[in-house]
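What follows is a single structure, written as structure tokens, with notes after it.
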Amino acid sequence: MVHDRRTSPTERPLSQAEVPTDRLHLSCRAVTVLVFCFVFGFAAGAIGPAKAADSAANVDAARLVGADQDPANWMTYGRTYSEQRFSPLAQITADNVNLLGLAWYADFDIDRGQEATPLVIDGVMYVSTAWSNVRAFDAKTGKPLWFYYAKVPRHLGVRGCCDVVNRGVAAWKGKIFVGTFDGRLVALDASNGQPVWSVMTVDPDKAYTITMAPRVVKGRVLIGASGGEYAMRGYISAYDAETGALAWRFYTVPGDPSKPFENEAMAMAAKTWHGEWWKMGGGGTVWVSTSYDPDLNLIYFGAGNGSVWNQHYRSDSQGDNLFVSSIIALNADTGAYVWHYQATPGEEWDYDAVQDLVLADLSIDGTRRQVLMQANKNGFFTSWTARPAN
């Protein structure tokens, strides 16, 4: 549990003019940035100088779909839509890794959890930090380029189960997107860090938070929200990357059955619940994993634990309680349900199914298969065919 506390001197909000330009320190907890800096110190030739401001974060559908053939860049959270996180760069090997040296390092100025995967796009590193702030650096020299202060109210820290972390940002056509701890989705100008638009994605009166890294698919920004420990109802949303308008939203558990269900999937899921579950939220929050298959035009994501945990109170000790602890596939254009697999039916052990979802083509029993893989919290490593169920 994260307890509320006064802002410490190291957490004092910085104005744009106060962003440090000459202090190049690194919090010992910012492991991801440290790894990037050591690698760049050795393989500096793979990183070109930052491009002009008018071409910052020049990422579109073609670049993301072809990201596996662009090893000098890391344009999305898992490097590619398949979320494999594998870099084909070959200059660093087991034989010469001991020659790595430090190129640069930078101070995040916040002594809280740092969990972000940085993006590196055309010589610029974009990284989010605790309290949902965002920084941009020249990836080769470490020169600070800009800083975005998210202005998250510190008293909301008590809503987070696991500190005020942020897992990363997304990029699309000159914008950097970040989900803030207080539930906003913010689009930043990639050239200077200034907000372009901002939308509230949650009910601010409820204990929702955002820690996940957004993804962008076909010009829409995908974002979920945390809150499974606080009796929230899970969902994932898609927003227009240019305007911030809501394109679609898919709930992971059904709401009040006295009201019309949002879609046929929710009507189906409601048959697996009992009692007055909607008064306790239900759970199934979406707070980490998202993958996309451009060939099938399917988005895959994992839903979190049931809420409250004890199914006796949540659902009269009955039912599978769809779609908690499930892998769900949606049509990327409409957000319509396509298929699901429930990893832990009737989940009541905090077995979120939000672990990374990795797409790959594998040879299984002599047949080439498109599969989706996950090392689930329930202890089983599972793979599914990535094609929709018949």
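The values are calculated or read from the model by the stated rules, or taken from the named source; none is laboratory data. Keep in mind that what you see is a predicted model, and the values were worked out from it rather than measured. Glycine also receives a Cβ, built like all others from the backbone with ideal geometry; neighbour counts cover every protein chain displayed.
Among the residues examined, Trp146 qualifies as in a strand (DSSP E or B), of a type in the set (Phe, Trp, Tyr) and either at pLDDT 95 or above or on the phi < 0 side of the Ramachandran plot (or both). What residue, among those in the range 263-295 that are out of contact with any Phe, Trp or Tyr (no Cβ under 7 Å at 6 or more places or on another chain) and at positive phi, is surrounded by the fewest Cβ atoms within 10 Å (Cβ to Cβ)? Among residues in the range 263-295 that are out of contact with any Phe, Trp or Tyr (no Cβ under 7 Å at 6 or more places or on another chain) and at positive phi, the one surrounded by the fewest Cβ atoms within 10 Å (Cβ to Cβ) is Gly275. In summary, Gly193 fulfils each of the numbered conditions (1) buried (at least 18 other Cβ atoms within 10 Å of the Cβ); (2) at negative phi; (3) in a loop (DSSP other than H, G, I, E, B) with the single exception of condition (2). Only strands (runs of 3 or more DSSP E) whose full extent lies in the range 242-309 are considered here, and the ones with at least 2 residues that are hydrophobic (A, V, I, L, M, F, W, C) and under 25 Å from Leu359 (Cα atoms) are 246-251, 298-302.
When Ala360 is tested against (1) surrounded by 16 or more Cβ atoms within 10 Å (Cβ to Cβ); (2) of a type outside the set (S, T, N, Q); (3) not in a loop (DSSP other than H, G, I, E, B), just one condition goes unmet, and that condition is (1).
Residue count for the range 94-126 satisfying the condition of being farther than 30 Å from Ile210 by Cβ, aliphatic (A, V, I, L, M) and in contact with a helix residue (DSSP H, G or I) (Cβ under 9 Å, 6 or more places away or on another chain): 5.
Looking across the range 91-140 at every residue that is part of a loop (DSSP other than H, G, I, E, B) and without any contact (Cβ under 8 Å) to a residue 60 or more places away in the chain, the one that is surrounded by the most Cβ atoms within 10 Å (Cβ to Cβ) is identified as Asn133.
Working only within the range 241-262, note down all residues that are more than 18 Å from Trp339 (Cβ to Cβ), under 18 Å from the mean Cα position of the chain (by Cα) and surrounded by 15 or more Cβ atoms within 10 Å (Cβ to Cβ). Listed by number, the residues that qualify are Ala241, Gly244.
Each residue in the range 158-186 was checked for being touching a Lys or Arg at 6+ places or on another chain (Cβ under 8 Å), touching a residue at least 60 places away in the same chain (Cβ under 8 Å) and either buried (at least 19 other Cβ atoms within 10 Å of the Cβ) or of a type in the set (Lys, Arg) (or both), and 2 pass. Only residues that are assigned to a loop (DSSP other than H, G, I, E, B) and either within 20 Å of Gln311 (Cβ to Cβ) or in contact with a Ser or Thr (Cβ under 7 Å, 6 or more places away or on another chain) (or both) were counted across the range 231-241, and they come to 3. Scanning the range 348-390 for residues that are of a type in the set (D, E, K, R) and either under 20 Å from the mean Cα position of the chain (by Cα) or modelled with pLDDT under 90 (or both) yields Asp350, Asp352, Asp356, Lys377, Arg387. Residues that are hydrophobic (A, V, I, L, M, F, W, C) and assigned to a loop (DSSP other than H, G, I, E, B) were ranked within the range 57-72; the one that is nearest to Asp138 (Cα to Cα) is Ala57.
Considering only the range 311-324, I want to know if a residue exists there that is in a strand (DSSP E or B), under 23 Å from Gly227 (Cβ atoms) and touching a residue at least 60 places away in the same chain (Cβ under 8 Å). Within the range 311-324 (the criterion being in a strand (DSSP E or B), under 23 Å from Gly227 (Cβ atoms) and touching a residue at least 60 places away in the same chain (Cβ under 8 Å)), the answer is no, since none of the residues qualifies.
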